[in-house]
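Below is one structure, written out as structure tokens; the observations come after it.
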Amino acid sequence: MSDFPTSASCVVIGAGIVGNSIVGHLAEKGWTDIVLLDKGPLPSPGGSTGHASNFIFPVDHSKEIVDLTLDSQAQYEEMGMQNTCGGIEVARTEERMEEFRRRMTSATAFGVEAYMLTPAEVKGHVPFVNEDVIVGGFYCPSVSVVDSLETGTIMRKRAQDADALLVFANTEVLDIETAPGKNKPKVTAVVTDKGRIECEHVVVACGVWSPKLAEMAGATIPLTPAVHQMADVGPFDILVETNQEVAYPVVRDMDTFCYERQSSGSMEVGSYGHRPILHRVDEIPSNEEALLTPTEMPFTPEDFDQQMEEAIELMEFLGDGEIRYAINGLLSLTPDTAPVLGPTPEVENLWSAAAVWIKEGPGVGRLLAEWMTDGYPHLTDPHGADATRFYPPQRNVHHVEGRCNEHFIKTYGITHPREQWESRRNVTVGPVKARTDDLDAFYFEAGGWERPHWYESNADLVERYGVNKSRTHVWDADWWTPISDAEHLHMREHVGLVDLSPFQVFEVSGPGVVDYIEHMVVNKCDLPVGRSIYTPMLNASGGFRSDLTIMRMAEDRFRIVTGAFDGGRDEYWFRHNLPGDSSVHFENRTNGTVTLGVWGPDAVALLSTVTESDLGQEAFPYGRVQSHLIAGIPVDMFRISYVGDAGFEIYAEACNGMALWDAIWAAGANFDLRPIGAAVYGTSGRLEKGYRLMGSELEDEYTPVEAGLARPKVKAADFIGKEKYIEARAAEGVAQLCVLSFDSLRCAAGYDRFPVGAGNEPVLTLEGERILDAHGRVSRLTTAGNAPSVGKYLAMAYLPIDKCEPGTKLQVMYQYETYPVTVEKTGADLAMFDHDDARMKA
Amino acid sequence: MTVLVIAEHDRGEVPIATFEALTAARTLAASMDDTVEVVALGDESAQIAPDLALHGAEVVHTIMSPVLSDYGPEAYAEAVVALVNAISPSAVVASGTSRGNEVLAGVAARLDVAFAANVVAAEKSAGGFSVTRQQWGGSLLEDVDLDARVAVLSFAHHSIEPTEAPAAGTVSTFNVDLPDELARTVIKDRTVTSAGVTLATAPVVVSGGRGMGNAEAFAMLEELAELLGGRVGCSRAVTNNGWRNHSDQVGQTGTRIAPEVYLACGISGATQHWVGAMGSKNVIAINTDAEANLVTKAGHAVIADLHEIVPAIIEEVKKRQG
Amino acid sequence: MMRVLVCVKRVPAPGSRINITDDEQDVDTAHLGFTTSPHEECALEEAVQIVEREGGEVVVLTVGPAEAEEQLRYAASVGGTSFVLVPTDGTALDPQRTASIITQAVNESESEGGQFDLILFGNESADSAGFQVGVRVAHALGRPMVNGIKGIEVGESTFTAQRAIDGGLEVYEVPRPAVLGILEGINLPRYPTMKGRLASRKAVIGEAPIDSDAGGLRRVRLHRPEETVSQTIMLPTEAAAAATAVVDLLEELGVMGGES
């Protein structure tokens, strides 16, 4: 046994598939003096890796999850640890078949071979399936079964062979010490029962134990241990005869939330169909206390009975199999089902690599190593899994358990991209919610905030504007209402009031603020007081980290506004990059601020009745921010528009929110003022104007040049990503963001479909080929929706340069059917409505 | 008064366990100013008296009867109860062996008093006896108050080092008329399953685990075990793989062993295995993984491939044995 | 036709470290599953096999908390035919009391369903390991009892029972009806099938409220033996050097004699 070290560059805690993969990749990227610790014995220290069923279904609707999965499969393959046996998901309902069509769409988008099967075809692959209980299948030949324990050993050994790693099993971490860092506490040492290791970085790759380890350092990793039941049943001659670990495709019985995976002569039957069984971390027994391992908890058969009955329906012979091993296996669930990866917001150099499945393990290892080495990963843009995405009310066990109790059953469920949570609602609400409640707002959650998506009180507008009242297909009609299009048209003709309180409002100030803000973002911020700028914020790679509106409020004070979904990540990034010398002060003003928007042809007229200030274009030009009084309430008004009509964002103290709303509302009576929901603000309004949305059009994979957001000149000041930004400007274009219009929405069944624009719908050539650009990036819809004022159904997508020409005819796949589209716009100006911004600047 | 020890013997052969019980009984008796007396049953009882005296028996009560021709739990219990009723000892004790516990349970049932099995410490208390006994195979201890006119106790096997303490060993024949019916549970026959030492009694156990790789690899363990006068054991993974019979399995669900030396080759040391092997006096682990459970529990370990190390050990043993 | 009774006990299934409740009265089962004591699981299997051969029924009896129903349903899933739960409040009963309760339960069951040809116990329970309940019940019923049994043959009027000893087997021939204490290893208990598990949900569990007086053994507390912490001494890894070190050690420990 090596002497226990007293220092290390990086201590990785947890020797499951994730921790092992991280040390392997860190070593490959040149790190040395790495220490890997686990409190259990090797090679199977007792975490979730040890009891995983180890199969990988690569198709997912999330691009970043698919990226991680495909990279992991490639790594397993390279190590000889992958058995590609294929996998079939079977449907028992028509609703599931529609989901399979969605999966075929995702498979096409992300380049995974897949087929729809008839029940007879399913039986052809898996002869012991009862075809009478299923209506079809989704077959993916590249589904594989891997050896995650041996993979971990290989990863570890590679780092050891490179003299980069020391491994200590049976070593329990007692504390993670921190000291004041640049802007927040920074890790300094890991204290174990074998000694104390001073270190620069600590990675928590402890699966279900991660929250406890993070807490030692004063950080949070929002996940909960949850039970997944699994039983090994057998032996069966038909399986024994194969003489293989896995000869038959893995079967997922999606509508019963079960899977059947051959394991030599027996079948592993696993279930996600039982009641949610969540545990607290301190309820997990130690290796010594556990009968099997800590994460193989005692089986509770009564929870599994229904799944057994259903499994026997699908494969009758299972009934005669002996239950030789059965566990309540623990795995990690998070509030939004995505992993928790990257830097923790609370503690510098404390990294999270948690809530990762076997299918993503090696990929996450590479991703974390890239993140820790290069500042941000390249493998994929993991913004959906970023550990900093959660707000404080979402980072605790109450939120985690609330959401996980709700979504456990959706592990194999069908989740509509627009579907809203039922649990943990109304935790974070804006200052005017009482008023929007009165107007029968239907709320969508935006980063934990309740945000009106439409108003039932506007139902009368549907008739008035004669908008399309219904959608035939339930998938298109889910979480949708014709009221939104009516609200849109009303705003275009009159005026609308929008509750924008979920906007994340930061203020940075101090003597060093100009240098600081210039360093953070692409566009020049050192403008006269009262001016504003819309700007990309980049990673060092030159890809998008965020897009922001920045207002200069004073010589030494800027206001930064970002979207509700991005506040956590952006706040982390701003704080992380503070100079650390108190020359710049950062404050999140969101909770103390009410933000309302008033837009429409009558917006200026309306607001002029509640303020004595001159709101005319001369006195108050577009893009300016000014302080005024509205009904005697001090407000900052910002003449800007994301929706294409004239108007203002209005900021005030939260305590004045109701009075502000009431004053505008009362004045609105003469202007037919209506409340307008986020369906208009966030989709139809901006889509008509071709405005990009962070997380949809904007992500790390694409540059400002490709997004059409590059300014004519590059500012003199240095900023993060500048070098790459300049390179991108000079390089020959590879792809460009375009607006497409649907030539027809008519499906084979003879009615119109309405693509969701969830990121998984590929753009295809007229020949039906998937479109990749020179960098291998796939063209897919980033946004889609109706444009009521344009009279078209629009979408956005990045296309290779040779397909960007307006007028180019292409196709889009939606729910496994294709629809003809035409390229409408490309480049900087993507507006399909009010091309010269005359209405906004009126 | 007297502490009465039940001597076990198999056709005249007294097991170490009885001397353990005698050793423990001496301590208990001394604390109460009692004498240690022994009851030996069956035809060979007189011939084993000297050995019992050597370990502290002041008196050896011998009981002979046609139904005591060989071991029988009911006949033994009846006979001991008759003696107990005659001499009124303060305690009746035996070793916590299969027979010892069985006979004492029968004695206690007949006397309608409590019985504490596998005791590691006992002392007289105001109301009876304060006793500490093993539960969970020794993983836990239970302190109990034993309230009885006579304390019926078995002493945990392997928990005491037997020592000699020569005493008079006066042989006293106790006559009792035991009903013929008791013959119903007397041994009728014996069959031998294996000669010589067994896994449970071997001074050396050479054991293989999953790391052996296959059934054939056990040949070298057989060779080494034979050279050392030991037996081959294995882990559950090995029996599950069909490489060895269940009778070779060491563990919670196999044989529990307490050899002088336990040589564990390629065994990671799952709990259920360790529970069966933890009585071993010295554990030597051979394993490629320094962090394996059994390595951390062993006194000595060789972190290397057993397929290289075991043949080298065989060579070395042969060399030194000449 | 045989009527066989198997007495089983619900016991926790812990790992190597067994925790004790704060009041030191019991094993802390907060995170533990429960099982049937292993010897009894084999006894049940033996009973099921005997009845499969000879015909008859396997009655399974347990004295325990309401949750012990789980063990009876498990018994149902592997071939038990009828089930009796004598409910307790969950605290550990002393062996005399347990034996007395079981004796009464046997008498009740026999008065209704006829005499048991064979009553099986486990050699000892996995947890308290009192080594006596079966013997006491047999004595109370006046029936022959032998413990440590690793083989049973059913004869016309007797059972031939084999008892494992070092190096061999003792053979007993006990008249029917009899009581035997079963040792693990007599058989490899079957696992329940999925169908068996599902069917076991329909098994009827009879409740027999019986109690008896406490015996003479009273638990004061549970505690853990002192653990010996030892550091592993690492021997050389090169084959010849390792062999020398190991054999030195064997000599030192006096086990190089080689007489078998």
- Could you work out how far helix A:148-161 tilts from the main Cα principal axis of chain A, as a 0 to 90 degree angle to the nearest 10? 80
- Stick to the Cα atoms of segment A:125-269, pair each with every other, and give me the Kirkwood hydrodynamic radius in Å at one decimal. 19.8
- Query: Just the Cα atoms of chain A: what Rg and Dmax do they give in Å?
  - Reply: 27.5, 88
- Query: Given the options C:137, C:204, C:60, which has the most mean-square fluctuation in a GNM of chain C, springs set between C-alpha atoms less than 10 angstrom apart?
  - Reply: C:204
- Query: How about residue B:188: which aspartates and glutamates have a C-alpha closer than 13 Å to its C-alpha, ignoring those fewer than 8 places off in the same chain?
  - Reply: B:70, C:170, C:173
- Note on the structure: If the chain between residue A:470 and residue A:605 were fully extended at 0.36 nm per residue, the gain over the current Cα-Cα distance would be 45.1 nm
- Enter the angle in degrees (range 0 to 90, nearest 10) between the Cα long axis of helix B:73-87 and the first principal axis of the Cα atoms of chain B, meaning the one along which they spread out most. 40
- Message: Over 20 Å intervals from 0, what percent of Cα-Cα pairs in the protein assembly as shown sits in each interval?
- Response: 9, 31, 29, 18, 10, 3, 0
- Query: DSSP beta bridges in segment B:2-185, what fraction antiparallel, as a percent rounded to 5?
  - Reply: 35
- Query: At a Förster radius of 60 Å, what calculated FRET efficiency corresponds to the Cβ-Cβ distance of residue A:724 and residue A:422, to the nearest 0.05?
  - Reply: 0.90
- Query: Rounded to the nearest 20 Debye, what is the dipole magnitude of segment C:188-236 about its Cα centre when Lys and Arg each give +1 and Asp and Glu each give -1 at the C-beta?
  - Reply: 420
- Task: Report the net charge of residues surrounding residue A:798, where surrounding means a beta-carbon distance below 9 angstrom and charges are Lys +1, Arg +1, Asp -1, Glu -1.
- Result: -2
- Positive-end residue of A:393, B:48, A:199, charge dipole of the protein assembly as shown with Cβ unit charges: A:393
- Most fluctuating of C:99, C:66, C:43 in the GNM of chain C (C-alpha, under 10 Å) is C:66
- Task: Taking the dipole about the Cα centre of the protein assembly as shown, with the C-beta of Lys and Arg at +1 and of Asp and Glu at -1, give me whichever of B:109, A:577, B:67 is farthest to the positive side.
- Result: A:577
- How big is Rg to Rh over segment A:720-826, alpha-carbon atoms, Rh as the Kirkwood inverse-mean-distance radius? 1.02
- Query: Between residue C:204 and residue B:1, what FRET efficiency comes out of the Förster formula 1/(1 + (r/R0)^6) with R0 = 56 Å and r the beta carbon distance, rounded to 0.05?
  - Reply: 0.55
- Message: Under 5 Å between amide hydrogens, which residues at least 5 positions from residue C:147 or on another chain qualify, with H placed 1.01 Å from N in the peptide plane?
- Response: C:181
- Task: Compare B:191, B:239, B:18 in a GNM of chain B, Cα atoms joined below 10 Å, and give the one with the largest fluctuation.
- Result: B:191
- Message: Are there any trypsin sites (Lys or Arg not before Pro) in segment A:789-842 that are in a DSSP loop and have at most 16 other Cβ atoms within 10 Å? List them by number.
- Response: A:841
- Message: Just to be sure I understand the model, the point goes 7 Å from the Cα along the line to the Cβ. What's the resulting residue A:627 to residue C:23 distance in nm?
- Response: 6.7
- For segment B:204-321, with only Lys/Arg (+1) and Asp/Glu (-1) charged at the beta-carbon, what is the dipole magnitude about the Cα centre, in debye rounded to 20? 400
- For residue A:809, which aspartates and glutamates qualify as cross-link partners when the Cα separation must be under 12 Å and same-chain residues fewer than eight apart are set aside? A:743, A:767, A:824
- Task: Pop out the Kirkwood hydrodynamic radius of chain C from its pairwise C-alpha distances, inverse of mean 1/r, in Å to one decimal.
- Result: 20.5
- Item | Cα-based Rg of chain B normalised by 2.2 N^0.38 Å, two decimals | 1.12
- Query: Could you work out the helix-only [θ] at 222 nm for chain A, with each DSSP H run of four or more residues adding -39,500 (n - 2.57) and the total divided by the number of residues, to the nearest 500 deg cm²/dmol?
  - Reply: -6500 deg cm²/dmol
- Query: Once both labels are modelled 7 Å past Cα along the beta-carbon direction, what's the residue A:809-residue A:9 spacing in nm?
  - Reply: 5.7
- Return the calculated 222 nm mean residue ellipticity for chain B, to the nearest 500 deg cm²/dmol, obtained by summing -39500 (n - 2.57) across DSSP H runs with n ≥ 4 and dividing by the residue count. -9000 deg cm²/dmol
- Too-long pairs where the Cα-Cα distance tops 27 Å, listed order kept, from A:410/A:825; A:212/B:281; A:724/A:803; A:63/A:803; A:63/A:186; A:524/A:724: A:410/A:825; A:212/B:281; A:63/A:186
- Task: Using only the Cα atoms of segment B:204-321, construct the convex hull and provide its projected area averaged over every direction, in square nanometres to one decimal.
- Result: 6.2
- Item | Summed side-chain charge close to residue A:522 - residues other than residue A:522 whose Cβ falls under 13 Å, Lys, Arg +1, Asp, Glu -1 | +4
- Message: Could you tell me the calculated FRET efficiency between residue A:306 and residue C:154, based on Cβ-Cβ distance and R0 = 45 angstrom, to the nearest 0.05?
- Response: 0.65
- Once amide H atoms are built 1.01 Å from N in the peptide plane, which residues 5 or more positions from residue A:203, or in another chain, come under 5 Å H to H? A:11, A:12, A:13, A:351
- Note on the structure: In the neighbourhood of residue A:40 defined by beta carbon distances under 15 Å, the net charge of the other residues (Lys, Arg +1; Asp, Glu -1) is -2
- Item | Whole-Hz ³J(HN,Hα) from phi, Karplus 6.51 cos²θ - 1.76 cosθ + 1.60, for segment A:764-775, glycine and proline x | 10, 6, 4, 7, x, 7, 5, 10, 10, 8, 5, 8
- Label-point gap, in nm, between residue A:666 and residue A:457 - each point 7 angstrom along Cα→Cβ: 1.6
- Message: Output the 0 to 90 degree angle, nearest 10, between the alpha-carbon long axis of helix A:397-407 and the longest principal axis computed from the alpha carbons of chain A.
- Response: 80
- Item | Where Rh is the Kirkwood radius over Cα pairs, Rg/Rh for segment B:2-185 | 0.94
- Enumerate the calculated ³J(HN,Hα) couplings along segment A:489-501 in order (Karplus 6.51 cos²θ - 1.76 cosθ + 1.60, θ = phi - 60°), each rounded to whole Hz, writing x wherever the residue is Gly or Pro. 5, 5, 4, 5, 9, 10, 7, x, 10, 10, 7, 10, 4
- Computed about the Cα centre, the charge dipole of the protein assembly as shown from +1 Lys/Arg and -1 Asp/Glu charges at the Cβ has a magnitude in debye, to the nearest 20, of 2740
- Convert each backbone phi in segment A:284-291 into a coupling constant with the Karplus relation 6.51 cos²θ - 1.76 cosθ + 1.60 (shift: θ = phi - 60°), then list the ³J(HN,Hα) values in order as whole Hz, x for Gly and Pro. 7, x, 6, 4, 6, 7, 7, 5
- Note on the structure: Residues whose modelled amide H sits under 5 Å from the amide H of residue B:62, counting only those 5 or more places away in sequence or on another chain, are B:40, B:172, B:173, B:174
- Task: Can you tell me the equivalent ellipsoid semi-axes for segment A:119-161? Use √(5λ) from the Cα gyration tensor, largest first, whole Å.
- Result: 39, 9, 7
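Throughout, read-outs are computed from the coordinates displayed, never taken from laboratory work. This structure is a prediction, so every number in the text was calculated from the model and none was measured. Cβ sites come from the backbone with ideal geometry, for glycine too, and all protein chains shown count toward neighbours.
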